[in-house]
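The values are calculated or read from the model by the stated rules, or taken from the named source; none is laboratory data. It should be emphasised that the depicted structure is a prediction, and the values quoted were computed from it without experimental measurement. Heads up, the Cβs are rebuilt from the backbone with ideal geometry, glycines too, and the neighbour counts pull from every protein chain shown.
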Amino acid sequence: MSMQGADVNEAKSPRVLVLAMDPGGGRRAEVSELAGYFLNEGAQVDLVTAREKGWDELDERVRLHQLRPIEARHPLPWLERALVIRAPRLVSRPVKRLGPPGAFLDRVRSRISGTIHRRLFLPFYKHVRPLLLARLARRRVLPRIDMSQVERVVVADRTAMTLGWRLARKHKDLTITTRRDKDLHGRP
């Protein structure tokens, strides 16, 4: 009789860690297919992602670790929302009640807030986000994964490269790759 995580000979199943922090739609399908393949080969699969939606095709046996709720509570995006969106909205709320001139000023405030968000914060955050997600994953997700059991780490997108690089520095004997080869013990 086989227990989950062990085969008939009581040997532990290999574990595969897939890092897909911010994959596009086509990439999510590839990652889901790859995870399904590793599951069919008898491996346990952990998927670390910051993308909340779009994992409908993912096999239910995959342990999905989502960083998006943790990222949303991080001080950096929270502070940006508070300073750029919420504070100006609170300040302009009394003016909004003045009728058409107030509605116009509220639209101007909304447009300025959106411009600051798109033109200043997002270009900055695009560079900081991989570092932030790697740190969140190292602190919140990786302690729940037994890295001594992991055979292979697949880095599926550019945002996950930072975490993959840090794992490669820490676990020198671990196979960490960007190739999506369907082989548990593939080339490093």
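When the range 1-26 is limited to residues that are surrounded by 11 or more Cβ atoms within 10 Å (Cβ to Cβ) and charged (D, E, K, R), the one that is modelled with the lowest pLDDT turns out to be D7.
Is it true that some residue in the range 21-41 is part of a helix (DSSP H, G or I), touching a Lys or Arg at 6+ places or on another chain (Cβ under 8 Å) and over 24 Å from T178 (Cβ atoms)? Among the residues of the range 21-41, not one is part of a helix (DSSP H, G or I), touching a Lys or Arg at 6+ places or on another chain (Cβ under 8 Å) and over 24 Å from T178 (Cβ atoms), which makes the answer no.
What is the residue count in the range 105-148 for residues that are outside any helix (DSSP H, G or I) and surrounded by 14 or more Cβ atoms within 10 Å (Cβ to Cβ)? Before the answer, list the steps.
Step one: of the range 105-148, the residues outside any helix (DSSP H, G or I) are 145-148.
Narrowing further to those that are surrounded by 14 or more Cβ atoms within 10 Å (Cβ to Cβ): 145, 147.
Counting residues in the range 105-148 that are outside any helix (DSSP H, G or I) and surrounded by 14 or more Cβ atoms within 10 Å (Cβ to Cβ) gives 2.
Restricting the range 45-62 to residues that are in contact (Cβ under 8 Å) with a residue 40 or more places away in the chain and in contact with a Lys or Arg (Cβ under 9 Å, 6 or more places away or on another chain), the residue that is surrounded by the most Cβ atoms within 10 Å (Cβ to Cβ) is A50. Of all positions in the range 37-58, at least one carries a residue that is under 18 Å from the mean Cα position of the chain (by Cα) and either aromatic (F, W, Y) or over 27 Å from L163 (Cβ atoms) (or both).
Does R179 qualify as being surrounded by fewer than 17 Cβ atoms within 10 Å (Cβ to Cβ), more than 15 Å from the chain's Cα centre (by Cα) and farther than 20 Å from P69 by Cα? Steps first, answer last, please.
Numbers: surrounded by fewer than 17 Cβ atoms within 10 Å (Cβ to Cβ): yes; more than 15 Å from the chain's Cα centre (by Cα): yes; farther than 20 Å from P69 by Cα: yes.
Taking the combined requirement at face value, the residue satisfies it.
In the range 10-38, the residues that are under 20 Å from V141 (Cβ atoms) and free of Cβ contacts under 8 Å to residues at least 60 places away in the same chain form Cβ pairs under 9 Å with partners that are among the hydroxyl-bearing types (S, T, Y) and not in a helix (DSSP H, G or I), at six or more places apart or across chains, as follows: R28/T49.
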